[in-house]
Amino acid sequence: MAIAVYPGSFDPMTYGHLDIIRRAAPLTDQLVVGVLINRKKQPLFTTEERVEFLRKATEDLPNVSIMAFDGLAIDFADQCNAAYIIRGVRFISDFDNELSMAQTNSRLNDKVDTIFFPADPEYANVSSSVVKEIAAYGGNVSQFVPPFVGEKLQEKVRNKGESRNE
Ligand code: ADP
């Protein structure tokens, strides 16, 4: 039993992310979900919103905490005294990238190992970008994200549309 971190963009969190959190939490003393403050890509949701969604979705999980972080996931893991980084794998293409990232991370810090969780087939095609795309065209995202995320998503998409029409 140990501390693990689950880093990602979570822009926004989906039921796919939540499934990984629920499966990883029982294997750890403390699971810290790390929300990347992405300075390269402009996220749709602010860091605070992304953190808040995850807090709400995991409030029944006592050993799960949510933190924002900047920089490398491996450094975030080190700051949290984590022995493991958790990542989800949906497709072979995910695995290609994730394997290379895990190997690079172990070169940077061999005290931290990576654990992969295969996506539940029910959520394998769910990603934050697909959910944003569906919402942008007015589609129903209730199968993919909790209701409080869906509502904010519709609000954002509406506001974006309005500011484009101005
Ligand atoms: P990143 O930009 O770091 O990939 P994401 O928020 O897209 O951030 O994903 C964070 C982690 O969650 C990654 O390991 C990703 O593979 C995993 N993940 C994303 N969606 C799913 C899903 N539907 N099922 C399982 N794992 C997922």
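Bear in mind these aren't lab numbers, they're just calculated from the coordinates by the rules spelled out. In this text the structure is predicted, and so the values were computed from the model without any measurement. Methodologically, a virtual Cβ is constructed for each residue, glycine included, from the backbone with ideal geometry; neighbour enumeration extends over all protein chains shown.
Assorted remarks:
- What you get for region 5-47, charging only the Cβ of Lys and Arg (+1) and of Asp and Glu (-1), is a dipole of about 200 debye around the Cα centre.
- Taking every alpha-carbon pair under 8 Å whose residues sit at least 6 apart, the chain reaches a relative contact order of 27 percent.
- Net charge of Cβ neighbours under 10 Å - reference F148; Lys, Arg +1; Asp, Glu -1: 0
- Taking Cα centre as origin and charging only the Cβ of basic (Lys, Arg, +1) and acidic (Asp, Glu, -1) residues, the dipole magnitude of region 96-135 rounds to 200 debye.
- Under a 5 Å amide H cut-off, with hydrogens placed 1.01 Å from N, V33 pairs with Y6, S65, I66, M67 among residues at least 5 apart or on other chains.
- Sequence-distant lysines (8 or more away, or on other chains) whose Cα lies within less than 27 Å of K156: K40, K41, K56, K132
- Screening the chain for whole DSSP H helices of 30 Å or more along their axis (Cα) with average Kyte-Doolittle hydropathy at least -1.0 returns none.
- For region 42-120, a simple Cβ point-charge model (Lys and Arg +1, Asp and Glu -1, everything else neutral) yields a dipole of about 80 debye relative to the Cα centre.
- Cross-link partners of K152 among aspartates and glutamates (Cα-Cα below 20 Å; sequence separation of 8 or more within a chain): D11, E48, E49, E52, E59, E133, E162
- Gain in span if fully extended, A2 to S129, counting 0.36 nm per residue against the direct Cα distance: 42.6 nm
- A DSSP coil position with no more than 13 other Cβ atoms inside 10 Å describes the following chymotrypsin sites (Phe, Trp or Tyr not before Pro) in region 27-113: F91.
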